[in-house]
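The values are calculated or read from the model by the stated rules, or taken from the named source; none is laboratory data. For clarity, every value in this text was computed on a predicted model and none was experimentally measured. Every residue, glycine as well, gets a Cβ built from its backbone with ideal geometry; the counts of neighbours run over all protein chains shown.
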Amino acid sequence: MSGKIIVGALVLFTIIFGGFLWYAQFYAYYNEVNGLTSVEVDGRSVAVSDYVGLDGTSSGLKLRGCFTVDEADFDGVSLADDPVPATPPNWFECFNAEELTHDVESGAATTYMAAKDDMDGLDRLIAVYPDGRAFMWRQLNDKYQD
């Protein structure tokens, strides 16, 4: 009888721990950021509208943003060398990394280097569609890549 109690306690502990781990991974360390009116691109302020985003203090890689811009504001901004949109938590619906990756690779969206070394070892990139939809994220730069 005591073996069943120990096994039951271990199973219960595993389920509870798994739930906390899942919550921490997908919810706890993200902060929603809404209503920004501008973002910094290559040292200048670019007006944005309809900004919806995520960020987090636990990692600079948590940044994701969806917004609308005037594509002309990116004239003269360097193109990103190897853009790889980061996958957000599944509840952040405006940022579809798979679709964005396909569009960046096919040329349907143009990806700009908004800030080189925005944070230590991280670059901030913005992909812009011809209709003005834009998506922002951070990714590791060559400082951490072999």
Exercise for the section: Please specify each residue of the stretch 88-103 satisfying the condition of being more than 15 Å from the chain's Cα centre (by Cα) and surrounded by 15 or more Cβ atoms within 10 Å (Cβ to Cβ). Expected result: Asp103
Exercise for the section: Scan the stretch 43-67 and report the pairs whose first residue is farther than 21 Å from Met113 by Cβ and hydroxyl-bearing (Ser, Thr, Tyr) and whose second residue is at pLDDT 90 or above and not in a loop (DSSP other than H, G, I, E, B), with Cβ atoms within less than 7 Å and a gap of 6+ or a chain change. Expected result: Ser49/Phe67; Ser49/Thr68
Completion exercise
Over the stretch 104-124, the set of residues assigned to a strand (DSSP E or B), modelled with pLDDT under 95 and either surrounded by fewer than 17 Cβ atoms within 10 Å (Cβ to Cβ) or in contact with a Pro (Cβ under 6 Å, 6 or more places away or on another chain) (or both) is Lys116, Asp117, Met119
Fill in the blank from the handout: Within the stretch 89-103, residues part of a loop (DSSP other than H, G, I, E, B) and free of Cβ contacts under 8 Å to residues at least 24 places away in the same chain come out as Glu93, Asn96
Practice task
Given the conditions (1) at pLDDT 90 or above; (2) under 16 Å from Ala134 (Cα atoms); (3) more than 14 Å from the chain's Cα centre (by Cα), report the number of the one that Arg44 does not fulfil.
Solution key: (2)
Fill in the blank from the handout: Over the stretch 28-76, the set of residues small (Gly, Ala, Ser) and closer than 25 Å to Gly121 by Cα is Ala28, Ser38, Gly43, Ser45, Gly53, Gly56, Ser58, Ser59, Gly60, Gly65, Gly76
